[in-house]
Amino acid sequence: MQVFGSKELLEDVINRDLCIGCGACVGRCPYFKSYKGKTAMLFECDLSEGRCFAHCPKVEVDLDSLSTTFFQKAYDGNPLGSYMEILGAKAGDKIAKAEFQNGGSVSALIALALETGLIDAAVLTDREGIIPTPRLVTNAQEVFECASSKYMAAPTLSALNNGIEQGFERMGVVATPCQATAVAKIRTNPVKRANFIDPVNLVIGLFCTWALDTRQMLSFLSDQPDMADDIRSADIRSMDIPPPPEEVMVIETGTKKTKIPLKEIRPMICESCQFCPDMTAEWSDISVGAFEGKPGWNTLVIRTKKGKNLVEEAVEKGYLQVEKIPEESIKHLAGAALNKKRNSFIKNVEKGLVNTGEKEGRSAIRLSDDVLKKITAQKENAV
């Protein structure tokens, strides 16, 4: 990929409202800062090539290049990405007493990876009240403190940049699809630094369809008469979206549970999410999401040998329980993932953001024309 600088990043991403606030440009560059889900460039920078542009998941993402690097094959548009096996899973007896919002599989895997030395630190997303915050942790107890869903855009990768500055060289990252894309770009050394060391040794991806704009969500909840005091006191215990047919978001505070219809939540979805083709965090070692129809369990998509070895060790040592997952559940998951991929590619094409030539400008995404046509020609699935 051709690398540009902050001027082009501002033009291509931030000014187009494509920035998802992942934090990849925050922490190693003094010019970018994140605040309540928004990323801003504070000062002008005259570098013609910068890591801010090179690492961004919303510009010049070459899907063939990433697939060849991490899976040794061209990008084929599989709705679920490349994978070896799909299982149902939940936290095992070794850590079952810890508090988890769902199955606890992510916390179990990261805790084991830290305790066995597979990773020397973990990049996670914590919360201050309702606001997602990046956090770099080095022990299992800190992992469990971050075990909750956020549903809002978070500058998580600024903690990865912080870890690099501290000298960690084998970090684990728990990432949403956009964040996992940025991590994949970082690991390919796009700025061709001679002394580059891949700082990441494990990526656990999270299923994600969309994220909410943090500022809009804060404003919305502050206007709710029965929640305003809890928002001001940051007394938010958890956020959850139960499986259909409920169609609500449940927010638990210290005193009550409040159900908010999703039709009131959806207008706050980040514009950038419409352009993201990835629902299952394809650039990861293991992807984790809810196991629909089986509360308290997760779906695990195992993508790499490293991921498979970690899951097997977790089962052997009691950190994880696993079971086979019905083919119908896999089919349903693939249908939902295909819808997101198809609709996002159509949206990107309409905006002129796919496979642009030198005269047209820079692309958000690059992939083969054949794969693009195959995906966009699919009919939308009823899921």
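Screening A153 on (1) under 23 Å from I241 (Cα atoms); (2) at pLDDT 95 or above; (3) touching a Leu at 6+ places or on another chain (Cβ under 8 Å) shows it passes everything except condition (2). Look at M279 and say whether it is at pLDDT 90 or above, within 19 Å of N102 (Cβ to Cβ) and touching a Cys at 6+ places or on another chain (Cβ under 9 Å). Criteria met by M279.
Going by what's in this entry, would A184 be described as under 30 Å from K324 (Cβ atoms), outside the structural domain of P30 (by TED's automatic domain parsing) and in contact with a Leu (Cβ under 9 Å, 6 or more places away or on another chain)?
yes
Tell me which residues, restricted to segment 269-315, are of a type in the set (S, T, N, Q) and within 18 Å of A184 (Cβ to Cβ).
Initial filter on segment 269-315 (of a type in the set (S, T, N, Q)): 272, 274, 280, 284, 287, 298-299, 304, 309.
The answer is S272, T280, S284, S287, T304.
So which of A111, A184 is farther than 21 Å from P57 by Cα, in contact (Cβ under 8 Å) with a residue 12 or more places away in the chain and not acidic (D, E)? If you could, list the steps in order and put the result at the bottom.
Working: A184 fails: farther than 21 Å from P57 by Cα.
Selected residue: A111, the only one of A111, A184 that is farther than 21 Å from P57 by Cα, in contact (Cβ under 8 Å) with a residue 12 or more places away in the chain and not acidic (D, E).
Scanning segment 100-120 for residues that are within 26 Å of I236 (Cβ to Cβ) and in contact with a helix residue (DSSP H, G or I) (Cβ under 7 Å, 6 or more places away or on another chain) gives F100, S107, A108, L109, I110, A111.
Within segment 23-76, the set of residues being touching a residue at least 12 places away in the same chain (Cβ under 8 Å) and either touching a Pro at 6+ places or on another chain (Cβ under 6 Å) or of a type in the set (F, W, Y) (or both) comprises G23, V26, Y31, F32, S34, F43, F53, A54, F70, F71, Y75.
Looking at A337, A281, which one is hydrophobic (A, V, I, L, M, F, W, C) and at positive phi? Going through A337, A281 in turn, the sole match is A281. Is segment 71-78 home to any residue that is modelled with pLDDT under 95 and of a type in the set (K, R)? No, every residue in segment 71-78 fails to be modelled with pLDDT under 95 and of a type in the set (K, R). Residues that are surrounded by 14 or more Cβ atoms within 10 Å (Cβ to Cβ) and in contact with a Ser or Thr (Cβ under 9 Å, 6 or more places away or on another chain) number at least 2 in the following helices (runs of 4 or more DSSP H) confined to segment 182-293: 228-232.
For the residues E380, E328, E312, the requirement of being farther than 26 Å from S149 by Cβ, loosely packed, with under 12 Cβ neighbours inside 10 Å and not aliphatic (A, V, I, L, M) singles out E380.
The number of residues in segment 364-381 being over 23 Å from the mean Cα position of the chain (by Cα) and among the aliphatic types (A, V, I, L, M) comes to 2. Here V123 meets the list (1) touching a residue at least 60 places away in the same chain (Cβ under 8 Å); (2) assigned by TED's automatic domain parsing to the domain that holds A290; (3) not in a helix (DSSP H, G or I); (4) not charged (D, E, K, R) almost entirely, failing just condition (1). Selection over segment 28-46 of residues that are surrounded by 16 or more Cβ atoms within 10 Å (Cβ to Cβ) and at negative phi gives a count of 9. Residues in segment 109-145 that are of a type in the set (G, A, S) and at pLDDT below 95 were compared, and the one that is nearest to A211 (Cα to Cα) is G129.
Checking the structure you have, find out if any residue of segment 158-175 is outside any strand (DSSP E or B), polar (S, T, N, Q), within 17 Å of the chain's Cα centre (by Cα) and within 24 Å of V311 (Cα to Cα). For segment 158-175, residues outside any strand (DSSP E or B), polar (S, T, N, Q), within 17 Å of the chain's Cα centre (by Cα) and within 24 Å of V311 (Cα to Cα): absent.
Could you pull out the residue among K317, K351, K341 that is of a type in the set (K, R) and in the same structural domain as L109 (by TED's automatic domain parsing)? Can you show your working first?
Details: K351 fails: in the same structural domain as L109 (by TED's automatic domain parsing); K341 fails: in the same structural domain as L109 (by TED's automatic domain parsing).
After ruling out the rest, the residue left standing is K317.
Within segment 313-359, the set of residues being within 24 Å of the chain's Cα centre (by Cα), assigned to a helix (DSSP H, G or I) and under 30 Å from K94 (Cβ atoms) comprises A314, S329, I330, L333.
Of the residues making up segment 146-163, just one is touching a strand residue (DSSP E or B) at 6+ places or on another chain (Cβ under 8 Å), hydrophobic (A, V, I, L, M, F, W, C) and surrounded by fewer than 22 Cβ atoms within 10 Å (Cβ to Cβ), namely C146. Taking first residues from segment 136-158 that are assigned by TED's automatic domain parsing to the domain that holds F168 and of a type in the set (A, V, I, L, M) and partners that are at pLDDT 90 or above and in a loop (DSSP other than H, G, I, E, B), the Cβ contacts under 6 Å between residues at least 6 apart in sequence or on separate chains come to M152/A211; A153/I20; A153/G21; A153/A211; A153/C270; L157/C22; L157/G23; L157/A24.
The values are calculated or read from the model by the stated rules, or taken from the named source; none is laboratory data. Owing to the predicted nature of the structure, the values given are computational and were not obtained by experimental measurement. When we count neighbours, we look across all protein chains shown, and the Cβ atoms used for this are built from the backbone with ideal geometry, even at glycine.
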